[in-house]
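Worksheet: the structure to be examined is printed underneath.
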């Protein structure tokens, strides 16, 4: 558990009990390091089994109702969380990859995109994009809106300033596009109402950043997750090729190869039928999600709603 929380390697945890002068200390340190790694692996499996039931899963109707009630109490009806990206520093990035993974601060990093609620409940995470890309590039590769485009997302209806809207949204920073799924701040607020809205939006948007801070503070191992790897864990390129039964046919095929048909030739994939029954509705939902008009109208309604709800009471 100390390895996970402190982010230290296995041999570092046992160095205090080893005298460096003895000739057998290397073998002893090696055994203690392997013991620590095995224990850390067991703790990782326990933590995964514990938190998988609660995190990184789709919200249930009860979860969604709780998020919507909290958003409405904050003055943002229809809001179900905040979205942002975090750069995970990659200290030992290979030299050949440093140009791709170098961010604007000169560090080598991998990007994590997450959606978090007011209580730091993370139910979406997308990890692995190179650090040279920005939040927009990550959004273009992220599956966060796949369910929306398929038409499988929950139907959410709410009212803001006597106007009815449909579809939940996230609080985001300024780099995100003006879509119906995002509510951004006012870059240069001029009036008192706009300053009031910007203050609350930027404050509530910090939920996901607070979640990132807690994640790094309590589980320091994420800053050096590759510590669990060693030379023995690397892939053995000289090992014999592995074969396994292919469920598509009775013959044995090699892993990662295309299935082989009865005639001994690779099977051709079935052609995609573009009959319009799936593609056209998906395109319509995509265009509806990207509507900047709805984004602007809802932002103006939220400005008035927040002013009536909280702004007038501030003096």
Would you give the gap between the C-alpha center of the stretch 142-179 and the C-alpha center of the stretch 65-95, rounded to a whole Å? 14 Å
Ranked list, fewest to most other Cβ atoms within 10 Å of each Cβ, for 194, 308: 308, 194
If you project the alpha carbons of the stretch 87-179 onto their three principal axes, what span does each projection cover, largest first, in Å? 56, 26, 26
Expected sort for 123, 97 with the fewest Cβ neighbours (10 Å cutoff) up front is 97, 123
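Just so you know, all these numbers are worked out from the coordinates, no wet-lab data involved. Everything numeric here is computed off the predicted structure, so don't read it as measured data. We place every Cβ from the backbone using ideal geometry, glycine too, and count neighbours over all the protein chains shown.
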